[in-house]
Every structure is written in structure tokens, then in C-alpha cells.
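Working notes, beginning with the structure itself.
The values are calculated or read from the model by the stated rules, or taken from the named source; none is laboratory data. These numbers come from a predicted model, not from an experiment. Virtual Cβ from ideal backbone geometry, glycine too; neighbours counted across all protein chains shown.
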Amino acid sequence: MDEDFKMDKNAATNPVIAYFDSVAEFYDNESADYSEEQLEDLDEAHEQISTLLAGHRILELGCGTGGWTEVLAETAESIVAVDASAAMLEQARTHGDAPANVTYRQADVLDLPDDLAGEGGKFTAVFMAGLWSHLTRDQQDVLLASLKKRVGKDVLLVLFDDEYVEGESATIARTDLQGNTYEILQDADGNRHELPKGYPTDSALRKKLGNAGREIKIARWEFYRVLTCRLK
């Protein structure tokens with residue numbers, strides 16, 4: 001199947017891809033609405049995670065418009081930044097400086113191609129910012145199994161996500177029979193999008209990652225959290 005057709009089909013059927021396609025042009029403007037406290041948390045997270053991933057060959061999943069990619073590129077050996085949204089990747093490729101150690105790829109994170117590492121050698125770390133919480137529980141299992149197969153053992157996994165903050169975060173609209181929670185977001189045209197969105201406890205994260213990872217560590221700020229582990 002032609003890759004562009006396949007990605008267009010995914011965008012039409014996957015509500016997360018469809019939403020981020022629709023907001024890509026305006027996505028970076030959201031940071032202008034961040035509170036001072038939120039920006040302080042984000043700055044601290046940038047510093048700590050870029051230090052943690054210094055010198056690594058990183059597979060970044062769900063890179064979006066490349067905000068985190070540019071931060072990590074300052075200390076990483078190399079990054080392959082992947083996103084399923086063509087519109088988000090277009091923004092990532094064209095805004096700001098294009099780091100020489102970054103390669104952008106369009107791919108479905110639940111169906112990763114085998115050639116992502118290219119000639120750069122094996123990945124030593126996998127990073128996700130904001131992606132994990134938009135996956136259903138079944139999709140999280142699929143992704144973990146895929147990573148174990150494609151990147152192998154002892155690779156560092158870093159999951160960064162936002163915390164639920166009353167009055168700041170979107171309201172959880174419903175919970176399905178599998179325990180997945182969903183939020184309603186609006187795009188620039190006022191269209192409503194229902195997306196999976198989870199805010200797991202530490203125990204839920206450890207249970208989910210326990211079969212795939214070891215040395216699980218979780219840190220939380222007021223607005224964000226980060227989990228690190230080594231793939232088994």
C-alpha cells in the first residue's frame with residue numbers, strides 16, 4: 001500500500017491523528033497561555049530530561065511540532081523523530097532551526113517500520129512526550145510489545161506527560177468498559193474531538209510497565225510527570 005495513502009487513511013480513522021492534523025498550524029501558540037508555574041515546571045523538565053538523554057541515539061515517538069526534539073537535540077547524539085500526523089511533522093520541519101542530528105519520519109507508532117534506525121546504529125533510548133496518555137490501554141500494550149521487538153533490551157524508555165490540574169486540564173468526559181478515559185477538545189474551527197486521555201496513578205503505571213521494563217522510576221511536578229525505565 002502506498003505510504004501516503006496509508007497515513008491519510010489512518011488520519012481519517014484515528015481520532016488522535018485527526019485532531020492533531022487539525023490543530024497543527026496553531027499548536028505552538030498554546031504555550032502563550034501557559035501559567036508561570038506551568039512554564040517553570042516545563043523548564044525544569046526540559047533541563048532534567050535533556051541531561052538524562054545526553055549522548056543517546058533517541059527514537060522519539062509522537063514528536064508533534066518538534067518542541068521537545070529541538071531541546072533534546074542539543075545534547076543527544078542523534079534523534080529519529082516520528083509522528084503519524086503529516087501536518088504536525090510539516091510544522092516540525094519548517095519552524096525554528098533544523099538540527100543536523102535529527103531525522104523526521106512519518107509513521108504510525110503502533111506499526112513502526114523496521115528501518116527506523118537507518119545507518120545510525122541501534123537506538124539507546126526511546127522518548128515520548130504527551131503520546132502515552134493518548135493511547136488506550138490496549139494500544140499501550142501493542143506499543144510496548146513493538147518496542148521490545150524493534151529496539152531490544154536495556155534501552156532507556158522515558159515517558160513524559162501532563163498531570164491533571166483542576167481548572168486547567170480538560171474535563172474527563174467518559175470512561176469506557178475497558179477503563180479508558182476520554183476528554184473533549186475543540187480545534188480552531190470549533191469542531192469537537194473526543195480523544196483518549198489518561199492520568200494514571202504511580203501504581204497503575206508500574207503495573208502497566210512492569211512486564212516490559214525494569215528499574216521503573218516516576219517523578220511528578222504539579223503540571224507534569226515523567227517515568228523512566230529500562231526495557232527488559
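If you check Lys122 against the conditions, is it surrounded by fewer than 17 Cβ atoms within 10 Å (Cβ to Cβ), modelled with pLDDT under 95, in a loop (DSSP other than H, G, I, E, B) and more than 16 Å from the chain's Cα centre (by Cα)? Reasoning before the result, please.
Values: surrounded by fewer than 17 Cβ atoms within 10 Å (Cβ to Cβ): yes; modelled with pLDDT under 95: yes; in a loop (DSSP other than H, G, I, E, B): yes; more than 16 Å from the chain's Cα centre (by Cα): yes.
Yes, satisfied.
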- prompt: On the given criteria, is Val155 among the β-branched types (Val, Ile, Thr) and either more than 19 Å from Thr75 (Cβ to Cβ) or touching a helix residue (DSSP H, G or I) at 6+ places or on another chain (Cβ under 6 Å) (or both)?
  reply: no
query: Phe223 fails exactly one of the following numbered conditions: (1) under 29 Å from Ala117 (Cβ atoms); (2) under 17 Å from the mean Cα position of the chain (by Cα); (3) surrounded by 13 or more Cβ atoms within 10 Å (Cβ to Cβ); (4) not β-branched (Val, Ile, Thr). What is the number of that condition?
result: (1)
All positions within segment 141-198 that are surrounded by 18 or more Cβ atoms within 10 Å (Cβ to Cβ) and small (Gly, Ala, Ser): Gly198
Subset of segment 84-106 that is touching a residue at least 40 places away in the same chain (Cβ under 8 Å) and outside any helix (DSSP H, G or I) - its residue that is surrounded by the fewest Cβ atoms within 10 Å (Cβ to Cβ): His95
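With assigned to a helix (DSSP H, G or I) and within 25 Å of Asp33 (Cα to Cα) as the only criterion, which of Ser146, Ser133, Ser169 stands out? Step through it out loud before you land on a result.
Working: Ser146 fails: within 25 Å of Asp33 (Cα to Cα); Ser169 fails: assigned to a helix (DSSP H, G or I).
Only one candidate qualifies: Ser133.
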statement: Filter segment 75-107 for residues that are among the acidic types (Asp, Glu) and in contact with a strand residue (DSSP E or B) (Cβ under 9 Å, 6 or more places away or on another chain); the one that is nearest to Arg230 (Cα to Cα) is Glu77
message: Looking only at segment 29-54, count every residue that is within 28 Å of Ala117 (Cα to Cα) and touching a residue at least 24 places away in the same chain (Cβ under 8 Å) and tell me the total.
response: 8
